[in-house]
Amino acid sequence: MRGPTPRLGPVVPAHVATTRHLCAAYPMVSEAGLGHAGVVVGRDVLGGSFAYDPFALYGDGVITNPNMIVLGQIGRGKSAFVKSYLWRQAVFGRSAWVIDPKGEYGPLAAAWGSTPLTLRPGGPIRLNPLDTGPASGDDDGAALRRTSLCVSLAVSCLGRDLLPRERAAVDAALAAVGPPGGGEQRGSVPHPTPRATRQSTCRPAPTLPQVVDALLDPTAEAAATLRTTRTALVEDGRDVALELRRLVHGDLRGMFDGPTTPGIDLAGPLVVLDLSAVYHSPALGILMACAAAWLQSAVTAARRNRILLVVDEAWAILGDLGVARWLQSSWKLSRAFGVANMAVLHRLSDLASVGAAGSEQVGLAQGLLSDSETRVIYAQPHGEVARSADLLGLTSTEAALVTQLHRGTALWKVGRRSFLVQHHLSSHERWLVDTDGAMSPTGPLPGDVG
Ligand SMILES: Nc1ncnc2c1ncn2[C@@H]1O[C@H](COP(=O)(O)OP(=O)(O)OP(=O)(O)O)[C@@H](O)[C@H]1O
Ligand SMILES: [Mg+2]
């Protein structure tokens, strides 16, 4: 049956073109997409599906590092994106290792058939953050990583930079307690493949209690190395020792103060470190840095390329200048180990409370951003966008746009390219990512985590 004849005159036929042609027709508006490599994230709002694979894009030269920062206001879908992204990576046989400060990755871990490693003071699992991975022959590199972590923890605990003599005391203590580096028994970092026999002859990795003891009771040799007396060296290292002691004897003991618990299974595709027991601790950033240090050593020991290492709620580390420095320097190493880092935070000003132009905080934010060529930006408030548009490299149109994004939609900046992407969740994935349970009438009570 025919309807009434329209009075609007001849209808102009719709313009149909491929996204490749649209790019030529509307060069400043339309993007060709990143290709089809990797998992589908969702819908490119300008048309087509949006897939992303940091390793493929790195190989193609689109990005020069595989790291990602995910930013956005509370409840906008940051963690939901990360969880479904990790879930979809299963298709490619990729592994993911997650630091989970809110204890919300349990369903995802269960779906992968793994159990989160739950860390709590006095709990059954200990991780040694001074493990440095396999004996690689790179003793200097391993020793530097240990020193860098101990110094960062001390700076963070003391709330100030170390004096040169304190720094020297830390160096001397580490030299006294450990192998030069990289030579520890592999038992210290669980390994999914059979161990090489030569490693059983190596000394074990030092632990934080040993470092504290060496600071409080240095050897005469350590003092001689620094051309000082034992008494003076005790004084130099005393404040650092007393602060680090908190991880060893204080309220945080029993998590990072001994050799790594044997038998931890890292062979599975997903390893989750659940830190929800200490989520409200003022020391959360320090504890997350210890967990991240251990994970990094375990990643290198596992010798598996193309691993995704996620730090959710990364503001806790990045808001603390001491450990934020450490995280930034450790990200630089990741490429060499085939690791793509993903950090989730609320806003750029989480980065050690981004300070005045030229401040160390701004330098840190810039450094971390230049080491994270993929930025996934969910909705941000006006004030925050005004503060961070330059750092994020947003055009004025993009800056206006990110204040209006709905839950699940994000502006993706991948290298020099921009995409507006609506993250799509399948019905099978919703239960993996739901963090709104407590908002429903029948939802869990506070404390029913995971
Ligand atoms: N793309 C989406 N489609 C539908 N629902 C979504 C989507 N993304 C997130 N949600 C829902 O929104 C809720 C909040 O998401 P999520 O936990 O990822 O927020 P968040 O940004 O990580 O918040 P926070 O900053 O508090 O950690 C979840 O219950 C999730 O199911
Ligand atoms: Mg979240």
Taking region 36-45 and keeping residues farther than 17 Å from LEU425 by Cβ and crowded, with 19+ Cβ neighbours inside 10 Å leaves GLY38
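From the set of residues in region 299-308 that are farther than 21 Å from ILE286 by Cα and either assigned to a loop (DSSP other than H, G, I, E, B) or not small (Gly, Ala, Ser) (or both), which is nearest to ligand 1 (Cβ to nearest atom)?
Within region 299-308, the subset farther than 21 Å from ILE286 by Cα is 300-308.
Adding the requirement that they be either assigned to a loop (DSSP other than H, G, I, E, B) or not small (Gly, Ala, Ser) (or both) leaves 300, 303-308.
Numbers: THR300: 29, ARG303: 32, ARG304: 27, ASN305: 28, ARG306: 24, ILE307: 22, LEU308: 17 Å.
Among residues in region 299-308 that are farther than 21 Å from ILE286 by Cα and either assigned to a loop (DSSP other than H, G, I, E, B) or not small (Gly, Ala, Ser) (or both), the one nearest to ligand 1 (Cβ to nearest atom) is LEU308.
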Can you say whether ARG88 is within 30 Å of VAL41 (Cβ to Cβ), surrounded by fewer than 22 Cβ atoms within 10 Å (Cβ to Cβ) and without any contact (Cβ under 8 Å) to a residue 60 or more places away in the chain, as far as the supplied structure shows?
yes
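Residues ASP60, ASP131: which one is at pLDDT below 90 and either within 28 Å of LEU351 (Cα to Cα) or within 16 Å of ligand 1 (Cβ to nearest atom) (or both)?
Values: ASP60 fails: either within 28 Å of LEU351 (Cα to Cα) or within 16 Å of ligand 1 (Cβ to nearest atom) (or both).
Within the list ASP60, ASP131, the selection yields ASP131.
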In region 301-323, anything closer than 28 Å to LEU244 by Cβ and of a type in the set (Val, Ile, Thr) is listed as VAL310, VAL311, ILE317, VAL323
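Only one of LEU405, LEU394 is more than 18 Å from PHE50 (Cα to Cα) and of a type outside the set (Gly, Ala, Ser). Can you tell me which?
Just one listed residue meets the conditions, LEU394.
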Taking the condition buried (at least 19 other Cβ atoms within 10 Å of the Cβ), away from ligand 2 (no atom under 16 Å from the Cβ) and modelled with pLDDT of 85 or more, does LEU411 pass?
yes
Residues of region 368-383 being surrounded by fewer than 18 Cβ atoms within 10 Å (Cβ to Cβ) and part of a helix (DSSP H, G or I), in sequence order, are SER370, HIS382, GLY383
Of the residues in region 309-347 that are in contact with a Ser or Thr (Cβ under 7 Å, 6 or more places away or on another chain), more than 14 Å from ASP371 (Cα to Cα) and in a helix (DSSP H, G or I), the one that is farthest from ligand 1 (Cβ to nearest atom) is PHE337
Considering region 273-282, residues that are in contact (Cβ under 8 Å) with a residue 40 or more places away in the chain and part of a loop (DSSP other than H, G, I, E, B), and then whichever is surrounded by the fewest Cβ atoms within 10 Å (Cβ to Cβ), we arrive at TYR279
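Answer yes or no as to whether ASP171 is modelled with pLDDT under 85 and out of contact with any Phe, Trp or Tyr (no Cβ under 8 Å at 6 or more places or on another chain). Spell out how you get there, then give the answer.
Details: modelled with pLDDT under 85: no; out of contact with any Phe, Trp or Tyr (no Cβ under 8 Å at 6 or more places or on another chain): yes.
Criteria not met by ASP171.
In region 415-433, what count of residues is obtained for those that are touching a helix residue (DSSP H, G or I) at 6+ places or on another chain (Cβ under 7 Å) and closer than 19 Å to PRO54 by Cβ?
Taking region 415-433 as the starting set, the residues that turn out to be touching a helix residue (DSSP H, G or I) at 6+ places or on another chain (Cβ under 7 Å) are 418, 423, 425, 429, 431-433.
Add one more test, that the residue is closer than 19 Å to PRO54 by Cβ, and what stays is 418, 423.
Adding up the residues that qualify gives 2.
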Flagged in region 250-272 as closer than 19 Å to THR207 by Cβ and buried (at least 22 other Cβ atoms within 10 Å of the Cβ), in numbering order, are MET255, PHE256, ASP257, THR260
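Could you list all residues from region 95-121 that are of a type in the set (Val, Ile, Thr) and over 17 Å from ILE307 (Cα atoms)?
Going residue by residue through region 95-121, those that are of a type in the set (Val, Ile, Thr) are 98-99, 115, 118.
The answer is THR115, THR118.
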Considering residues that are surrounded by fewer than 18 Cβ atoms within 10 Å (Cβ to Cβ) and within 22 Å of LEU345 (Cβ to Cβ), the number found within region 100-124 is 2
If you go through VAL278, VAL272, the only one that is under 21 Å from ILE99 (Cβ atoms) and within 16 Å of ligand 2 (Cβ to nearest atom) is VAL272
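Tell me which strands (runs of 3 or more DSSP E) are completely within region 35-121 and hold 2 or more residues being in the same structural domain as VAL433 (by TED's automatic domain parsing) and either in contact with a helix residue (DSSP H, G or I) (Cβ under 6 Å, 6 or more places away or on another chain) or farther than 27 Å from LEU327 by Cα (or both), or say none if there are none. If you could, list the steps in order and put the result at the bottom.
Numbers: elements: 39-44, 49-52, 68-71, 95-100.
So the answer is 39-44, 49-52, 95-100.
Determine, yes or no, whether ALA142 is modelled with pLDDT of 90 or more and farther than 23 Å from ALA283 by Cα.
So ALA142 does not fit the description; no.
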Subset of region 63-85, residues surrounded by fewer than 18 Cβ atoms within 10 Å (Cβ to Cβ) and more than 10 Å from ligand 1 (Cβ to nearest atom), comes to THR64
Note on region 63-102: residues within 10 Å of ligand 2 (Cβ to nearest atom) and farther than 22 Å from ASP265 by Cα are VAL70, GLY72, ILE74, GLY75, ARG76, GLY77, LYS78, SER79, ALA80, PHE81, VAL82
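The values are calculated or read from the model by the stated rules, or taken from the named source; none is laboratory data. As the structure is a prediction and not an experimental result, all values here were calculated from the model. Please note: Cβ atoms are built from the backbone with ideal geometry, for glycine as well, and neighbour counts cover all protein chains shown.
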